[in-house]
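First comes the structure, then the notes that go with it.
The values are calculated or read from the model by the stated rules, or taken from the named source; none is laboratory data. Because the structure is a prediction, the values reported are computed rather than measured. Here the Cβ positions follow ideal geometry from the backbone for every residue, glycine too, while neighbour counts run over all protein chains shown. We work out accessible area using only protein heavy atoms, side chains counted, and drop any ligands, DNA or RNA first. Shrake-Rupley method; radii C 1.70, N 1.55, O 1.52, S 1.80 Å.
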Amino acid sequence: MEFFLVQLLNGISYGLLLFMLSSGLTIVFSLMGVLNFAHASFYMLGAYFAYQVSTVLGFWAGLVVAPLLVGLVGMAVERYGLRQVHKHGHVAELLFTFGLAYLIEEAVHLIWGRSALEYRVPPELDGPIFQIMGSPYPMYRTFMMLVSVAMLVSIWLALTRTRIGLVIQAALSHPETVEALGHNVPRVFMLVFGGGAALAGLAGVIGGAAFVTDPGMAVSVGPIVFVIVVVGGMGSLAGAFVASLLIGCLQNFSISLDWSLAGLFSWFGWMVGPDTPLWSLWNVKLSQAAPVLPYLLMVLMLIFRPKGLMGTREG
Amino acid sequence: MSTLRYRPLDLGRWIVWGATALLFALAPLMSDASFVLTLLSQMGILIIFALSYNMLLGQGGMLSFGHAVYSGLGAYFTVHALNLVGKGAFWFPVTLLPLVGGLAGLAFGLIFGYVTTKKSGTTFAMISLGIGEMVYACVLMFPAFFGGEGGISTNRVVGEPVLGLTYGPALQVYYLIAAWAFVSMAAMFALTQTPLGRMANAVRDNPERAEFVGYNTQRVRYLQMCLSAFFAGVAGGLSCINYEIVSAENVSALRSGGVLIATFIGGVGLFFGPILGAIVFTLFAIALSGFTKAWLLYLGLFFLAMVLYAPGGLAWLIAIQIPVLRARRFSELLWPYALALAAGLMLLCGLIGAVEMIYHLSLESAEESVIALAGLEVDVRALPSWLAVGALLAAGGVAMRHASRFVSARWHAIQQDIQRGAA
Amino acid sequence: MLRQAIDRGARYVVQGQSSAVAAALIEAINRHNEREPARAVLFLNYAATDPALTEARCSFWHFRFDAHIGMRMEALTAHLARDASVRRVYLVVQDYSFGHEFARAARQLLAERRPDIQVVGEDRHPMGQVRDFAPYIAKIRAAQADAVLTGNWGNDLNLLVKAAREAGLQARFHTFYAGSPGAVPAMGEAAVGRVSDITDWHANAASPATLRAAARFRDRHGADYHFARAATLMRMLAAAAQRAGSAEPLRVAYALEGLRIDTDSGEAEMRRLDHQLLLPLLVAGLERSAANGGPREVRMEAERSGLGWRTLARLPAYVSAAPTACRMQRPPPPG
């Protein structure tokens, strides 16, 4: 039971971090139709900026400043890059962000080197916060969950309750009308893209300290975030939320289970041993296959429910 | 845009293909350094791979981030076939081994393509990425078949020599690659002329209308995908014979990204674009990586510049000059081009200077602060060198702005004249 | 790459990275030396640790200057055999051939040396892809392990140790790679008293001469001195060239066989049978440095982290000298 609770909390906190990442991507995609391949690179930039700020001003300043900086970078990218290729269509935009991801990774190599940085959890958040039946639960993970939930609530409020949110939603469906009403639609898009980048940056500040800040961090989370967006349904924020939690928990629980197909077979009374054909396939434990599961989930989703969990449109 | 011409003998086409064959045959004579042969072999393989990629991106409008899956798995099957032949399990000429790779690629194209081609556009791109990651993880998970991260090595000199070919010497391997590259090029070109190739274009440009005419767009994409996977597998098989090792790197996202960049730089809109791209990319990857560790950065910048300013790729840049040449107006563009080139060089020098200096400071941090750049000794810790680089960058930027305005003004004037002449 | 280097006339290849690359290099060099014996190339390996390189895949043209997995595992289990407090062991490895070999060797040697130790779990996770090790730690805790043996390196090791600290796991981590560049600062305080490493050298077990060299190196390059092995390699190469009176790879190779040399940790010998260097190994534990309130003998910090290595046990070369099954093909000796 204790084990189950700990794994559940681990799954939820990891899922919430994934949601912080995927939310920015989903918002940008649903509002602008741009799939930002460099989204994970903004996540990485967030961690690196936060590290740089934290060496001078400490962790808390980094938490505030780094996402803003990443947001500015995002706005510059939109203004001077994306807007130029917009006329060539969505594939060109995707290619542009793909090249950008390369460039950001190389720039990080260039400036901060290739090895991991010493970007750590601040002492205030270090250590256990409460006990679950005897096992201490780390404070930082709790903090991670809080930030993520706070972010979810504020995005929702910003999009539905504020004036700028309404303008953004209107610019999505009726850009000409909004333009005619005197709003600067390109500027709205610039803000949206910057905002999405800032969200990724925030995730980077949190995730970089919790896990590791190195030039490989973008590549390692990028594909998972895309899987989440596909599984959740392209452009659906609620879908991304559910898919993030689902994948976070899926990965955590599958790691805890040492089941394999060979075990399943022997349960049915079929004996499979190292001499059976395809033995290495039957012998793979679920815990070993955990990282492949999100992709399998994506494939299954595409076969049985192509529009994703909460997607509204196909295609 | 090329138009269909039903002429029994297209002389121009024969000349082009004949010249290509001759080029393939004569290329190794350029120099007898084995380095050149290594380079040419890699180019040949990448040409097939990039052309197969363009069957998706250029002809079918499908942006894939996981194309290395098909070439890599093709290579794995080829390496096993080669090892079995080596053990004497059955007899098969090495010359035809790339076919094994091609068939393996086709088989996986049939399996994965069924899932990926359900969608098009951005969703297709993401799914292809996911499939690529999945296959990569699986390759490391099953060392019995894939040899783990060490991969599987082999020896291409097996069996009785057929027609005196042992494939021991690199020159023989080059000609094997060249022959396969030539045949694949011809086959892929022929495919663009078939109804399927035409339909793929239609599905790319206007899926709704294609559907309306009675074509199943998903099936067209699926077929195109499978054929493309076949040729990717052939490329994989050749790379297995060339390197005599196949490892997880062969299916990695890095490979997939590489072929995407190569194809795009060359140009997706024209058939010969990817060939050009493969040549440029190999030069970047092999020649430039010998000079500087920042070659990936330069490649990335070059790619971004192409996306921003020349989305048709190098092939397009060349192709748009042809009408101007025909109209005998090219000489008017020489001066603006020269200016733009000079400005570009200035910008490039500044950029290279800045990048190399930062790289030196951050990575090597060695005792020496003086580096040699193009024969100049530059002190990376001294202010003057930074000022010089900054000045170069600024001046280059300003000059580029003016030069590009100059070029485009002349260009538009000529285009208008040509159009008026045509009308 | 190799082809390029040979094209340029290189005759010695010094390499130290993944065993995959090393295995490919050995194959390529064997082929090359067979095809062109006049331009033979010698491969000096200072870090690839797959035992197969000096066993099934051993080659006359390859010399290894690092202890392979089997040898390190011999040393680790010999050390564990003396520690009565260890009863339940958990294995965490990366899911690739090195990790599999690590786990296999650990199970086999533990069973030989301490049959009473129970292996309570084994996890194989994909290399370099796991960001969140918390679920693995929860599993280790649930299995009530008191020692974790891990072949992880790089981020996979750092993240594992950090996650263990976050979750307050008390088990000790026995590693092979905690001494690699970047590992100590990345693990940080999380590793104090929790991580030990099997190594051939660390700064607090160095002779004064090496310490001076290390200090010079740090002043010049601003980085720690790590690869004492590389220095051993170069010294042995020089000694062999002197003994052979030539820089001809074939002659040098014969001179390297059986060559003995003194290292900071004791005497080492290049075994003729399989070209594996038999070298003394150390078990080192990570502690706060003396300047940071730690034990006095931890004078040198690892990469300015405030932490340093302390020798827990010294194991002479014979402890880890595993038997070999290598049968190499030897070219005829030079005249």
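Some points to look at:
- Flag for residue A:69 being in contact (Cβ under 8 Å) with a residue 60 or more places away in the chain and open to solvent by 50 Å² or more (accessible area, probe 1.4 Å): yes
- Per-region count, the stretch C:81-137, residues within 12 Å of chain B (Cβ to nearest Cβ) and of a type in the set (Phe, Trp, Tyr): 2
- Qualifying residue in the stretch A:188-205 (condition: crowded, with 24+ Cβ neighbours inside 10 Å, farther than 20 Å from residue A:78 by Cα, of a type outside the set (Gly, Ala, Ser) and in contact (Cβ under 8 Å) with a residue 40 or more places away in the chain): yes
- Number of residues in the stretch A:214-249 that are surrounded by fewer than 23 Cβ atoms within 10 Å (Cβ to Cβ) and more than 30 Å from residue A:50 (Cα to Cα): the value is 0.
- Comparison of B:301, B:348, B:334, B:341 shows that the only residue that is in the same structural domain as residue B:24 (by TED's automatic domain parsing) and either of a type outside the set (Asp, Glu) or out of contact with any Lys or Arg (no Cβ under 9 Å at 6 or more places or on another chain) (or both) is B:301.
- Residues in the stretch A:134-155 that are away from chain C (no Cβ under 14 Å) and free of Cβ contacts under 8 Å to residues at least 24 places away in the same chain: A:146, A:150, A:153, A:154.
- When the stretch A:79-121 is filtered for residues that are under 28 Å from residue A:144 (Cβ atoms) and acidic (Asp, Glu), the ones remaining, listed by number, are A:105, A:118.
- Among the residues of the stretch C:276-301, those identified as within 17 Å of the chain's Cα centre (by Cα) and either outside any strand (DSSP E or B) or under 30 Å from residue C:57 (Cα atoms) (or both) are C:276, C:277, C:278, C:279, C:280, C:281, C:282, C:283.
- Helices (runs of 4 or more DSSP H) lying entirely in the stretch B:53-141 (those with 2 or more residues that are β-branched (Val, Ile, Thr) and within 14 Å of chain A (Cβ to nearest Cβ)): B:98-116, B:121-141
- Those residues of the stretch C:268-303 which are hydrophobic (A, V, I, L, M, F, W, C), free of Cβ contacts under 8 Å to residues at least 40 places away in the same chain and open to solvent by less than 50 Å² (accessible area, probe 1.4 Å), in sequence order: C:290
This table checks each residue for (1) basic (Lys, Arg); (2) crowded, with 22+ Cβ neighbours inside 10 Å; (3) over 16 Å from the mean Cα position of the chain (by Cα); (4) away from chain A (no Cβ under 14 Å).
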{"position": "B:286", "(1), (2), (3), (4)": "no, no, no, yes"}
{"position": "B:296", "(1), (2), (3), (4)": "no, no, no, no"}
{"position": "B:306", "(1), (2), (3), (4)": "no, yes, no, no"}
{"position": "B:312", "(1), (2), (3), (4)": "no, no, no, no"}
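- Number of residues in the stretch C:144-166 that are part of a loop (DSSP other than H, G, I, E, B) and either open to solvent by 20 Å² or more (accessible area, probe 1.4 Å) or in contact with an Asp or Glu (Cβ under 7 Å, 6 or more places away or on another chain) (or both) equals 4.
- For the stretch C:60-70, the count of residues that are in contact with a Phe, Trp or Tyr (Cβ under 9 Å, 6 or more places away or on another chain), assigned to a helix (DSSP H, G or I), in contact (Cβ under 8 Å) with a residue 12 or more places away in the chain and open to solvent by less than 50 Å² (accessible area, probe 1.4 Å) is at least one.
- Hey, residue A:120 within 30 Å of residue C:170 (Cα to Cα), among the basic types (Lys, Arg) and either open to solvent by 30 Å² or more (accessible area, probe 1.4 Å) or more than 9 Å from every other protein chain (Cβ to nearest Cβ) (or both) or not: yes
- Among the residues listed as B:79, B:94, B:69, the single one being open to solvent by 10 Å² or more (accessible area, probe 1.4 Å) and assigned by TED's automatic domain parsing to the domain that holds residue B:134: B:94
- Selection within the stretch C:30-49 - of a type in the set (A, V, I, L, M) and either open to solvent by 60 Å² or more (accessible area, probe 1.4 Å) or away from chain B (no Cβ under 12 Å) (or both): C:38, C:40, C:41, C:42, C:44, C:47
- Contact map, the stretch C:111-130: first residue under 15 Å from residue B:148 (Cα atoms) and assigned by TED's automatic domain parsing to the domain that holds residue C:157, second residue open to solvent by 40 Å² or more (accessible area, probe 1.4 Å) and at pLDDT below 90, Cβ cut-off under 9 Å, separation 6 or more or different chains; pairs are C:124/A:285.
- Residue in the stretch B:219-247 that is least open to solvent (accessible area, probe 1.4 Å), counting only those that are among the charged types (D, E, K, R) and part of a helix (DSSP H, G or I): B:221
- Verdict on residue B:277 being more than 13 Å from every other protein chain (Cβ to nearest Cβ), in contact with a Ser or Thr (Cβ under 7 Å, 6 or more places away or on another chain) and open to solvent by less than 10 Å² (accessible area, probe 1.4 Å): yes
- Residue in the stretch A:84-94 that is under 28 Å from residue B:62 (Cα atoms), more than 10 Å from every other protein chain (Cβ to nearest Cβ) and either part of a helix (DSSP H, G or I) or aromatic (Phe, Trp, Tyr) (or both) present: yes
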